[in-house]
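The values are calculated or read from the model by the stated rules, or taken from the named source; none is laboratory data. Small disclaimer: the values here were computed from a predicted structure and weren't measured. Cβ: placed from backbone, ideal geometry, glycine included. Neighbour counts: every protein chain shown. Protein only, heavy atoms only, side chains kept; ligands, DNA and RNA dropped before computing areas. Shrake-Rupley method; radii C 1.70, N 1.55, O 1.52, S 1.80 Å.
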Amino acid sequence: MTATEPDLRTQAQEIVAHIRVLRRDLLCASAEDVARSGLTGPQVSVMAHLVVNGPATVTELGRELGTGHSTVSGIVDRLQARGLVQRVQDDTDRRYTRICVTEKVDRYVADMEAGPFGRLAIALGNATGEQRRTIRDGLSLLRELLT
């Protein structure tokens, strides 16, 4: 068989398609994830503020983000409905309710901070030892054949 035969071309196209998807999944910025999630800019701003600064009241969020109390409250309601934030009674003053991100958001942020190696390590952790060897050996063989 030569490289110009249709079957080999089809297989090569499939492999390149897999490589493109792997590259995107491992290296892309989280902006694409946000776009796919359907979150609005203000929702992302509220979550980002909570991730960086920790729990806050709706009033504090409004002040820090330059947004009205009712607007922030609505944003928090929508994020809470999606399981991304939760309202927790303040430990030191029970009159206040603090907004904090959920474990789901914490895990996502940790995955993003871990970068491509961290995301790949998590994925490989879900594979068996034999699957990991197959992946590693297959990629090594492809690199050898391309050089």
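Per-structure values
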| quantity | calculated |
| --- | --- |
| Residue in the stretch 102-120 that is farthest from Leu61 (Cα to Cα), counting only those that are part of a helix (DSSP H, G or I) and among the β-branched types (Val, Ile, Thr) | Val109 |
| Options Asp91, Asp111, Asp137; residue that is open to solvent by less than 60 Å² (accessible area, probe 1.4 Å), free of Cβ contacts under 8 Å to residues at least 12 places away in the same chain and acidic (Asp, Glu) | Asp111 |
| In the stretch 121-147, the residues that are among the hydrophobic types (A, V, I, L, M, F, W, C), farther than 30 Å from Ala81 by Cα and assigned to a helix (DSSP H, G or I) | Ala121, Leu124, Ile135, Leu139, Leu141, Leu142, Leu145, Leu146 |
| Number of the condition not met by Ile99 [criteria: (1) open to solvent by 90 Å² or more (accessible area, probe 1.4 Å); (2) at pLDDT 95 or above] | (1) |
| Cβ-Cβ under 8 Å pairs, at least 6 apart or on other chains, the stretch 38-49 side more than 18 Å from Asp106 (Cβ to Cβ) and open to solvent by 50 Å² or more (accessible area, probe 1.4 Å), far side modelled with pLDDT of 85 or more and not hydrophobic (A, V, I, L, M, F, W, C) | Pro42/Thr67; Pro42/Thr71 |
| Neighbours by Cβ (under 8 Å, 6+ apart or cross-chain): first from the stretch 73-85, within 17 Å of Glu103 (Cβ to Cβ); second open to solvent by less than 70 Å² (accessible area, probe 1.4 Å) and in a loop (DSSP other than H, G, I, E, B) | Gly83/Thr102; Leu84/Thr102; Val85/Thr102 |
| Counted residues, the stretch 52-69 - those being in a loop (DSSP other than H, G, I, E, B) and farther than 18 Å from Gly41 by Cβ | 3 |
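Yes or no, residue by residue, for (1) in a helix (DSSP H, G or I); (2) β-branched (Val, Ile, Thr); (3) in contact with a Phe, Trp or Tyr (Cβ under 9 Å, 6 or more places away or on another chain):
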position: Thr71; (1), (2), (3): yes, yes, no
position: Arg78; (1), (2), (3): yes, no, no
position: Arg87; (1), (2), (3): no, no, no
position: Cys100; (1), (2), (3): no, no, no
